[in-house]
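This report refers to the structure that appears directly beneath it.
The values are calculated or read from the model by the stated rules, or taken from the named source; none is laboratory data. All values reported here derive from a predicted model rather than from experimental measurement. No Cβ is skipped: glycine too gets one built from the backbone with ideal geometry, and neighbour counts run over all protein chains shown. Quick note on the areas: whole protein, heavy atoms, side chains included, nothing else; ligands and nucleic acids left out. Shrake-Rupley method; radii C 1.70, N 1.55, O 1.52, S 1.80 Å.
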Amino acid sequence: MTGPLYDRVALIGLGLIAGSMSLAMRAAGLAHEITGHARSPETRATVREIGLVDRVCDSAAEAVAGADLVVLCVPVGAMEEVARAIGPHLSPGTTITDVGSTKRAVIEAVAPHLPQGVHFIPGHPLAGTEHSGPRSGFAELFRNRWCLLTPGPDCDESALTRLADLWRGMGANVETMDADHHDLVLAVTSHAPHLIAYTMVGVADDLRRVTNSEVIKYSAAGFRDFTRIAASDPTMWRDVFLNNREATLEILGRFTEELFALQRAIRTGDGAMLHSYFTRTRAIRRGIVEAGQDTDAPDFGRLPRRGG
Ligand code: NAP
């Protein structure tokens with residue numbers, strides 16, 4: 001067990017990520033006190049009922065008062081509103097970070113509202129499920145997952161080290177990178193794949209009427225994993241696409257070109273092209289398993305899901 005790294009951690013937004021952070025920090029004894037605020041009275045009542053944080057506050061300003069670490073865990077599109085509300089209540093020396101899935105847009109939304117003397121270190125844990133809300137959190141969510149931090153050039157080294165230690169204490173591996181680079185990498189690895197899954201499930205939904213629900217009945221043939229991804233939170237994903245527009249459009253442009261090439265190979269019966277393409281993609285899958293980012297187990301390597 002690592003000793004407490006922070007005296008008071010304030011979590012703004014109390015859903016899957018904040019809930020998992022609170023449970024992981026508690027399990028490893030990383031904070032003396034964890035305060036929290038969510039927008040709706042319903043969510044705050046749930047968090048009180050299940051005791052997810054030590055103190056639930058009715059305003060974000062109250063939650064951040066006296067905190068030495070503030071973590072913004074709201075959808076990307078709500079970051080600016082929250083930063084504006086808490087900015088005047090942050091003390092010099094406080095570290096403020098976020099867990100948003102896009103980084104450049106969050107930096108532009110949050111930084112202008114922060115007072116001098118606070119350390120802003122944007123972050124993004126590459127861990128999640130298709131579930132949301134405070135009941136969906138679990139302490140092991142970040143274990144052996146990456147957390148990417150995107151500090152600016154003037155970032156305070158000791159604040160960065162402490163935040164990285166917090167993520168390591170919660171089980172994550174930590175890497176730092178430039179915010180724009182983060183957005184491009186995530187467009188390839190997460191954002192475009194989600195859009196493709198949303199599209200595929202949309203297409204199948206249209207076809208369902210033609211195939212009398214056979215799409216559902218035989219879904220284990222590959223479609224099922226698309227449906228899991230396409231069940232992800234609509235607000236979160238709307239905000240991701242609106243806030244990582246350029247990189248996502250760049251990757252989708254490339255995707256469309258590849259799709260046309262494959263379409264052409266199918267039409268012209270170019271089996272050699274298809275075979276060599278699929279051999280290349282299989283090697284990528286092997287690389288992911290070897291990097292410990294998934295298992296080779298059947299059932300698409302999925303373990304039973306925790307949480308609701
Ligand atoms: P979530 O489970 O839907 O929780 C979001 C929380 O934010 C809720 O407690 C919600 O409160 C609160 N909220 C929304 N707007 C707010 C506002 N204006 N002021 C105060 N609170 C507000 O979401 P999540 O999955 O934890 O995602 C949170 C962040 O993590 C997002 O930025 C997302 O991009 C990022 N992220 C998500 C994943 C993932 O797979 N889920 C992975 C990595 C990073 P109410 O319940 O009261 O509406």
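Determine the share of the range 6-177's accessible area contributed by carbon and sulfur atoms, expressed in whole percent, with a 1.4 angstrom probe.
Exposed carbon and sulfur together represent 48 percent of the surface.
Nearest 20 debye, what's the magnitude of the dipole of the range 6-177 about its Cα centre given +1 on Lys and Arg Cβ and -1 on Asp and Glu Cβ?
For the range 6-177, the charge dipole is close to 320 debye.
Give me the percent of the accessible area of the range 181-292 that comes from carbon and sulfur atoms, probe 1.4 Å, all protein chains in place.
61
Which one, SER136, SER219, SER101, has the greatest fluctuation when you compute a Gaussian network model over the chain with C-alpha springs under 10 angstrom?
With Cα springs under 10 Å in the chain, the top fluctuation among SER136, SER219, SER101 is at SER219.
With every protein chain left in place and a probe of 1.4 Å, what is the accessible surface of PHE223, to the nearest 10 Å²?
Surface accessible to solvent at PHE223 totals approximately 40 Å².
So, for the chain, what is the accessible surface per residue at a probe of 1.4 Å, expressed in square angstrom?
Heavy-atom accessible area per residue stands at 53 Å².
In debye to the nearest 20, how big a dipole does the chain give about its Cα centre with +1 on each Lys and Arg Cβ and -1 on each Asp and Glu Cβ?
Roughly 1040 debye for the chain.
Work from the charge dipole of the range 181-292 (Cβ charges, +1 for Lys and Arg, -1 for Asp and Glu, about the Cα centre) and give the residue of ALA197, THR281, LEU249 farthest towards its positive end.
THR281
Over the Cα atoms, compute the radius of gyration (one decimal) and Dmax (the largest Cα-Cα distance, rounded to a whole number) for the chain, in Å.
For the chain, the Cα radius of gyration and maximum Cα-Cα distance read 21.0, 67 Å.
For a quick check, take a GNM of the chain with Cα springs below 10 Å and name the residue from ARG280, ARG39, ARG145 with the largest mean-square fluctuation.
Looking only at ARG280, ARG39, ARG145, the largest GNM fluctuation is found for ARG280.
Normalise the Cα radius of gyration of the range 6-177 by 2.2 N^0.38 Å (N = residues in it) and let me know the number.
In units of the 2.2 N^0.38 Å rule of thumb, it is 0.92.
Over the chain, with a Gaussian network built from C-alpha contacts below 10 Å, which listed residue (THR295, THR176, THR102) shows the highest mean-square fluctuation?
With Cα springs under 10 Å in the chain, the top fluctuation among THR295, THR176, THR102 is at THR295.
Percent antiparallel among DSSP beta bridges with both residues in the chain, to the nearest 5? Show your work: numbers first, answer last.
Details: 3 of 25 bridges.
If we restrict to bridges inside the chain, about 10 percent are antiparallel.
Of all DSSP beta bridges in the range 6-177, what percent run antiparallel (nearest 5)?
Of those bridges, close to 10 percent are antiparallel.
Find out how many positive minus negative residues lie around VAL106, taking Lys and Arg as positive, Asp and Glu as negative, among other residues whose Cβ is under 11 Å from that of VAL106.
Values: positive: LYS103, ARG104; negative: GLU80, ASP98, GLU108, ASP183, ASP239.
Value of the local net charge: -3.
Under the rule of -39500 (n - 2.57) per DSSP H run of 4 or more residues, summed and divided by the residues of the chain, what mean residue ellipticity at 222 nm is obtained, to the nearest 500 deg cm²/dmol?
Numbers: 13 runs with 150 residues, N = 308.
One gets -15000 deg cm²/dmol as the mean residue ellipticity at 222 nm.
Please report Rg over Rh for the range 108-201, where both radii come from the alpha carbon positions and Rh follows the Kirkwood definition.
That ratio equals 1.01.
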